[in-house]
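Participant: My questions all concern the structure below.
The values are calculated or read from the model by the stated rules, or taken from the named source; none is laboratory data. Note that the structure is predicted; figures quoted are calculated from it, not measured. Cβ: placed from backbone, ideal geometry, glycine included. Neighbour counts: every protein chain shown. Only protein heavy atoms, including side chains, enter the accessible area calculation; ligands, DNA and RNA are left aside. Shrake-Rupley method; radii C 1.70, N 1.55, O 1.52, S 1.80 Å.
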Amino acid sequence: MTVHATQLNKAADWLARSRRVAVLTGAGISAESGIPTFRDALTGLWERFEAADLATPQAFRADKALVWGWYEWRRMQVLRSQPNAGHRALVVLRQRVDDLRLITQNVDDLHERAGSPDVVHLHGSLLHPRCFACGHPHVLPDGIPDEPEGGRSIQPPRCERCGGYVRPGVVWFGESLPTLAWSAAERAVRECDLFLSIGTSGQVFPAAGLHQIAAQQGKPIIVINPGEMASVQSRELCLRGPAGEVLPALLARWA
Ligand code: APR
């Protein structure tokens with residue numbers, strides 16, 4: 001971790017003085033749990049695709065088995081993985097501030113398994129599929145799917161209500177975000193007195209727009225990401241390191 005002590009102290013001081021914190025997480029917070037981020041190259045059956053190519057209604061119509069296979073492989077990975085120190089640190093942070101609202105772009109359940117309640121999922125969840133035709137929720141069999149490492153094509157199950165094909169419960173490119181989740185996220189950012197952005201490349205809108213709202217409203221912003229980050233606003237601190245290391249270090253400085 002290459003975060004300087006002065007940066008950490010300053011961020012810890014900002015956190016200690018804040019009462020209402022809005023947190024936005026992205027794929028980066030689950031990277032240390034072994035789940036690849038979206039910009040990581042795909043492997044196995046899907047290595048010739050970009051994630052964005054498979055995560056669309058068009059791709060599902062074109063080859064349901066290929067897309068459903070990809071999501072079952074990802075669901076297997078998520079169910080085999082465990083929350084990491086970054087997920088757990090947010091549970092502790094919630095106990096230290098008056099109000100913490102946790103918004104995620106992730107479709108895994110690692111925040112919930114770490115103990116975070118009321119997580120706002122902007123992009124849906126891998127664990128809540130529904131019918132592509134009628135929207136009826138579909139209950140998946142218990143247990144972890146046993147998919148080959150390289151993945152495979154699998155015909156999606158059928159809807160028990162209308163017989164239509166079942167699709168993953170995630171938000172695909174070209175689809176709108178769940179209305180309630182989006183309005184809760186916007187409200188959390190407008191009402192917060194500190195915005196914490198963790199493990200997101202900020203490339204996908206409207207989720208990335210939450211950072212802009214916070215900046216436009218002059219909110220102090222703390223960004224945690226080991227990668228190169230875009231332009232840093234005046235009231236913004238960039239802590240360049242993995243979330244699983246930086247978040248516990250931040251809490252440790254906040255006696
Ligand atoms: N800790 C913190 N950040 C990390 C870590 C880590 N250990 N490892 C990687 N990162 C950072 C990367 O530097 C990158 O900036 O996490 C970010 C992950 O970016 P993306 O893969 O673009 O993921 P995300 O921003 O969540 O993508 C947004 O895009 O494909 C869609 O719907 C999908 O929700 C997803 C959305």
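Participant: Go through (1) open to solvent by 50 Å² or more (accessible area, probe 1.4 Å); (2) touching a Lys or Arg at 6+ places or on another chain (Cβ under 7 Å) for residue 212 and report which single condition fails.
Facilitator: All conditions pass for residue 212, except number (2).
Participant: Right, here's the next one. Do we have any residue at all in segment 183-202 that's within 16 Å of the ligand (Cβ to nearest atom), in a loop (DSSP other than H, G, I, E, B), among the aromatic types (Phe, Trp, Tyr) and at pLDDT 95 or above?
Facilitator: no
Participant: Here is a follow-up. Which residue, of 100, 180, 93, is open to solvent by less than 30 Å² (accessible area, probe 1.4 Å), out of contact with any Asp or Glu (no Cβ under 9 Å at 6 or more places or on another chain) and assigned to a helix (DSSP H, G or I)?
Facilitator: Within the list 100, 180, 93, the selection yields 93.
Participant: Looking at the structure I just gave you, is residue 53 near the ligand (Cβ under 10 Å from one of its atoms) and open to solvent by 60 Å² or more (accessible area, probe 1.4 Å)?
Facilitator: Against the criterion (near the ligand (Cβ under 10 Å from one of its atoms) and open to solvent by 60 Å² or more (accessible area, probe 1.4 Å)), residue 53 does not qualify.
Participant: Can you tell me which residue in segment 103-134 is nearest to the ligand (Cβ to nearest atom), limited to those that are β-branched (Val, Ile, Thr) and open to solvent by less than 10 Å² (accessible area, probe 1.4 Å)?
Facilitator: 104
Participant: Check residue 194 against each of (1) farther than 26 Å from residue 4 by Cα; (2) touching a Pro at 6+ places or on another chain (Cβ under 7 Å); (3) surrounded by 20 or more Cβ atoms within 10 Å (Cβ to Cβ) and name the one condition it does not meet.
Facilitator: Just one mismatch for residue 194, condition (1).
Participant: Check off (1) surrounded by 21 or more Cβ atoms within 10 Å (Cβ to Cβ); (2) part of a loop (DSSP other than H, G, I, E, B); (3) within 16 Å of the ligand (Cβ to nearest atom) for residue 156 and give me the number that stays unchecked.
Facilitator: (3)
Participant: So in segment 7-35, with the set limited to residues that are within 8 Å of the ligand (Cβ to nearest atom) and assigned to a loop (DSSP other than H, G, I, E, B), which one is nearest to residue 242 (Cα to Cα)?
Facilitator: 32
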